[in-house]
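For reference, the structure discussed in these notes is given below.
Just so it is clear, none of the values below were taken in a lab; they were calculated from the coordinates. Predicted model, so just to flag it, every value in this text is computed and none were measured. Neighbour counts run over all protein chains shown; Cβ positions are idealised from the backbone, glycine included.
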Amino acid sequence: MKKRLLIVAVFILSFSCASTPYPEGPDDSLVIGYLALDFPDGFFEQNRRTITSGITLTFVNQASGRKFGVTTSNGYFQFLSNGTDSYNFASYKVQSDRATIQSSVNKRFDTKPHSVVYLGHLTVIYSKPKQTHRASMDLKTRYWNYETSAKFDYSEEQLRTHLEDQDPESLWLEYEVVR
């Protein structure tokens, strides 16, 4: 029985890692970026922490109005586009250790046919945590304030390294990278 559970666990883990989708049509584009949430002064009442996986990003297709979520894996997020639509990176949210961190972003961008649309590497830094005196209805919920700042970088080299690590023969490596 233990052997069967181990095999099932390995099977599930092998398919749970985010892999880069393949183009489905000649004009498809790959939208890709990186997001990390850094807590250098502590994550609530815990030690320093950087969150790179499990962050859910909400995007809105501007043509259809359709909202959809994409989750980070080791900081990276990605989705396939038809290469002609515009999107809004609306917000992000992560739940960790009974805590919820969320923020609006509202960054609009266009895609380009037959390209990799690179949104960059963004690290949001949450520093100087301070518990507020705001009361909750259940008297158990505590609220915190952080000073926030952001570090933003375009590193096409890091992007290409990530794509090669995902699949050394990826077709995306042949596509133009656009911002």
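Can you compute the charge dipole magnitude of segment 32-174 about its Cα centre, using +1 on each Lys and Arg Cβ and -1 on each Asp and Glu Cβ, nothing else charged? Give it in debye, rounded to the nearest 20.
Numbers: 16 positive and 16 negative charges, 198 e Å.
Around 960 debye, computed over segment 32-174.
Fewest to most neighbouring Cβ within 10 Å: what's the order for Tyr143, Tyr92?
Details: Tyr143 11, Tyr92 23.
Sorted ascending by nearby Cβ count, the order is Tyr143, Tyr92.
Just to confirm a number: summing +1 for Lys and Arg and -1 for Asp and Glu over residues other than His114 whose beta-carbon lies under 13 angstrom from that of His114, what do you get?
Working: positive: Lys112; negative: Glu24, Asp27, Asp28, Glu174, Glu176.
Counting the neighbours of His114, the net charge comes to -4.
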For this session: Using Cα positions and a limit of under 12 Å, work out the aspartates and glutamates in reach of Lys151, with same-chain residues fewer than 8 apart set aside.
Result: Asp38
Problem set entry | Compactness of segment 32-174 - radius of gyration and Dmax, Cα, Å | 17.2, 56
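How do Thr52, Thr72 line up, fewest other C-beta atoms within 10 Å first? Please list the in-between numbers first.
Values: Thr52 17, Thr72 23.
The most exposed by this proxy come first: Thr52, Thr72.
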Seminar exercise, completed: Computed about the Cα centre, the charge dipole of segment 138-179 from +1 Lys/Arg and -1 Asp/Glu charges at the Cβ has a magnitude in debye, to the nearest 20, of 540
Seminar exercise, completed: When the charge dipole of segment 32-174 is computed with +1 on Lys and Arg Cβ and -1 on Asp and Glu Cβ about the Cα centre, the Cα farthest towards its positive end, among Ser103, Gly83, Val117, belongs to Ser103
Seminar exercise, completed: Length gained, Asn88-Gln166, 0.36 nm per residue minus C-alpha separation, equals 25.5 nm
